[in-house]
1. Which residues, taken from the range 354-387, are open to solvent by 60 Å² or more (accessible area, probe 1.4 Å), more than 30 Å from PRO343 (Cα to Cα) and touching a strand residue (DSSP E or B) at 6+ places or on another chain (Cβ under 9 Å)?
2. Could you go through the range 127-143 and let me know if any residue there is closer than 27 Å to ASN598 by Cβ and either hydrophobic (A, V, I, L, M, F, W, C) or surrounded by 12 or more Cβ atoms within 10 Å (Cβ to Cβ) (or both).
3. Being without any contact (Cβ under 8 Å) to a residue 60 or more places away in the chain and part of a helix (DSSP H, G or I) is true for just one of ILE106, ILE117. Which residue is that?
4. Answer yes or no: is there a residue in the range 394-414 that is surrounded by fewer than 18 Cβ atoms within 10 Å (Cβ to Cβ) and within 39 Å of the chain's Cα centre (by Cα).
5. For the range 595-610, enumerate the residues that are surrounded by 12 or more Cβ atoms within 10 Å (Cβ to Cβ) and either in contact with a strand residue (DSSP E or B) (Cβ under 7 Å, 6 or more places away or on another chain) or not polar (S, T, N, Q) (or both).
6. Among the listed residues ALA436, ALA461, ALA522, which satisfies the condition of being under 40 Å from the mean Cα position of the chain (by Cα) and closer than 30 Å to PHE238 by Cα?
7. Can you find a residue that is of a type in the set (Asp, Glu), more than 22 Å from THR120 (Cα to Cα), open to solvent by 30 Å² or more (accessible area, probe 1.4 Å) and modelled with pLDDT of 80 or more anywhere in the range 303-318?
8. Within the range 565-592, can you find the residues that are in contact (Cβ under 8 Å) with a residue 60 or more places away in the chain and surrounded by fewer than 18 Cβ atoms within 10 Å (Cβ to Cβ)?
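The values are calculated or read from the model by the stated rules, or taken from the named source; none is laboratory data. What you see is a predicted model; the values in this text were computed from it and never measured. Reconstructed Cβ throughout: ideal geometry from the backbone, glycine too, with neighbour counts over all protein chains shown. Ligands, DNA and RNA are stripped out before the accessible areas are found, and what is left, the full protein with its side chains, is counted by its heavy atoms. Shrake-Rupley method; radii C 1.70, N 1.55, O 1.52, S 1.80 Å.
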Amino acid sequence: MLDVLRRNAGSWVIKIILGFIAVTFVWWGVGTYSERGRDIAATVGSQNISMGELAEAAAGLEKTYRDVYGAALTPEMAKTLNFRKQAMDSLIQRALFLSEAKKMGISASDEEVQREIAATPAFQVNGQFHAEQYQATLKYNRITTASYEESKRQEITLKKMEGLFAADARVPESEALELFRLATRKVRLLVVTADPDKIKGVVSPTEGEIAAKYDQMKESLRIPARVKLLAARFEPAFFARDASVTEQEIRAFYEGNADKFRNEEQRLVSQIYLPYAKKDKEAVAKKMAEILVEAGKGKAEFEKTAKKHSKMKTGETWTRRSEARPEVAGPLYAAAVDSLVGPIDVGGGILLLRVNRIQFPETLPLDKVKDRVTALLKREKGKDIAVIKAYEAHTKASASKDLKGACAPYGIAPAETGWSGGSKEDAVPPAVVQEALMLPVKEIGPVKSIGDVHYLFQVVAKEESRIPAQAEVREKIVSAVSREKRRAAAQAELQKILPGTNTAAELAQGAKQAGLPAATTALFAPLSDTLPESLPPSGEMRKTLLSLSRKAPVLGKAVEASGRFLALALSEEKGADEKEWVSRKDSFLRSVAEQKKNQMIEAFLAERRVREKVEINPEALK
């Protein structure tokens, strides 16, 4: 599954199918239905996407990634992936495609839905669809038959829409051959470098140039406003320590939050494990396929086969999803009782499992979780107390202008910050600093809540934003002017030798006369290979290289790369290998057709987003 996600991260089908997360199963990285919120996250034409749909889709998407990546999914990765935005995009795309399908009269028949459901492993017993298994699985996940079947109907409809785009994306073989020749063409370049840092004889900046540059730059040199604060934190953990809770409150909290005190689903499994070395992997896989036939005849046969062949301890073992390897947990927790799971390649060995029993999650008795209930209840009380005490202290501080005195009765000691301008490195959150920047010195600011923490603060000192005098930043200005002069001189060196240069040999001769270094690259394909280190790794550079040919081997202008300027010329060219085309033709045609299809879909979605008037509630993505 990890490979599938990586290969198809940009696939519209993957993104849209993820939109169905709200109506799939817990073992596929899903949540269960909850009542839809009334708030609107987005509108697509006349269709609404609720906050509830978005939250469920985002949570399900995150769980899917966690099931695949496990502990490797760090908070930083999760932030970069932005599950909420991904979920929003998938829900909007789904709505656009379904709207278009409805206009075109494209839908899924009852027979197609039934076939799709019957083919789902989670609803099968020994490879055959089982109606009772189907109903039990939906009931366990709190999904109605109608809602699940409607989700399947939409999924099939989306696949039909994809088929329409795929049909229009076919590429003629002659066109594909030209693209192949272009993609596999290899070149060798002569690269002449003019490095501004190595240019000699550059005249020092004059006072007039320095003054002019200061006038040009001074707004960018502005020093932002900053403040020093006396700040106090009112946080739940501090007040939770002394919060008192009664037995009645503990029981009420336990009963009202029973879902927090459930044990994890467990499965009683038997296993057969065959290790392999690289050289005998195929032979071991073949042997496991033979074992599968015997092991699938029933529990007794599985146990007998395990004792005969398994290289791991045999017998039944209770296991939780959290204990299973990622590549095992998904299929294992999607399987029904008395069914086989695998064979699964777990790296270094092949595993075959049998599900013998399932123990579904149950709410644990209060006496087993009382300490956890008490801690959570105190935490909740701590939240309430922190709010109340923060506002009580704020009222006192506003009247007395004495923040320390106002906080003392609550055991909170305000601390003075250093100079703060609103950066992440400051002692208090940027939102607190931004609020303080609008206040005069000695003023008590409003209570600022960041999550569950409530900040009280007083402005101790303040400096307004200002533009520094030229004398303060003279060194920086001189450096900027000098750098511009060296850059201009480097470009001028190349412009002296480029006019009238028609071949790589002439460019090399000109570089030698100008004292500029010249080097040739290895052969590389401009469209498909990694570009040489001397060239900027950009799409624009690849386009530029396409313009070089035997008829026009010298690029007429210098290009910049990592602060240096380059003159380029085609030194050697090697055409496509026709034999390679014959061997790769089929896969290349499929690849080009897939790219063309994706481009068509992107264009379609962009046009429909405008036509259907897609509007997103900014609050939905926070």
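1. GLU362, THR363, listed by residue number.
2. Applying the first criterion (closer than 27 Å to ASN598 by Cβ) to the range 127-143 yields none.
Within the range 127-143, not a single residue is closer than 27 Å to ASN598 by Cβ and either hydrophobic (A, V, I, L, M, F, W, C) or surrounded by 12 or more Cβ atoms within 10 Å (Cβ to Cβ) (or both).
3. Numbers: ILE106 fails: part of a helix (DSSP H, G or I).
Result of the check over ILE106, ILE117: ILE117.
4. no
5. Going through the range 595-610, the residues surrounded by 12 or more Cβ atoms within 10 Å (Cβ to Cβ) turn out to be 595-602, 604-605, 608-609.
LYS596, LYS597, MET600, ILE601, GLU602, PHE604, LEU605, ARG608, ARG609, listed by residue number.
6. Details: ALA461 fails: under 40 Å from the mean Cα position of the chain (by Cα); ALA522 fails: closer than 30 Å to PHE238 by Cα.
On inspection, the qualifying residue turns out to be ALA436.
7. Looking only at the range 303-318, we keep the residues that are of a type in the set (Asp, Glu), and these are 303, 316.
When the remaining residues are screened for being more than 22 Å from THR120 (Cα to Cα), the result is 303, 316.
From what is left, the residues that are open to solvent by 30 Å² or more (accessible area, probe 1.4 Å) are 303, 316.
If we keep only those that are modelled with pLDDT of 80 or more as well, we get 303, 316.
Checking the range 303-318: at least one residue is of a type in the set (Asp, Glu), more than 22 Å from THR120 (Cα to Cα), open to solvent by 30 Å² or more (accessible area, probe 1.4 Å) and modelled with pLDDT of 80 or more.
8. Going residue by residue through the range 565-592, those that are in contact (Cβ under 8 Å) with a residue 60 or more places away in the chain are 565-577, 580-581, 584-585, 588-589, 592.
Hits for the range 565-592 are GLU572, GLU573, LYS574, GLY575, ALA576, ASP577, GLU580, TRP581, ARG584, LYS585.
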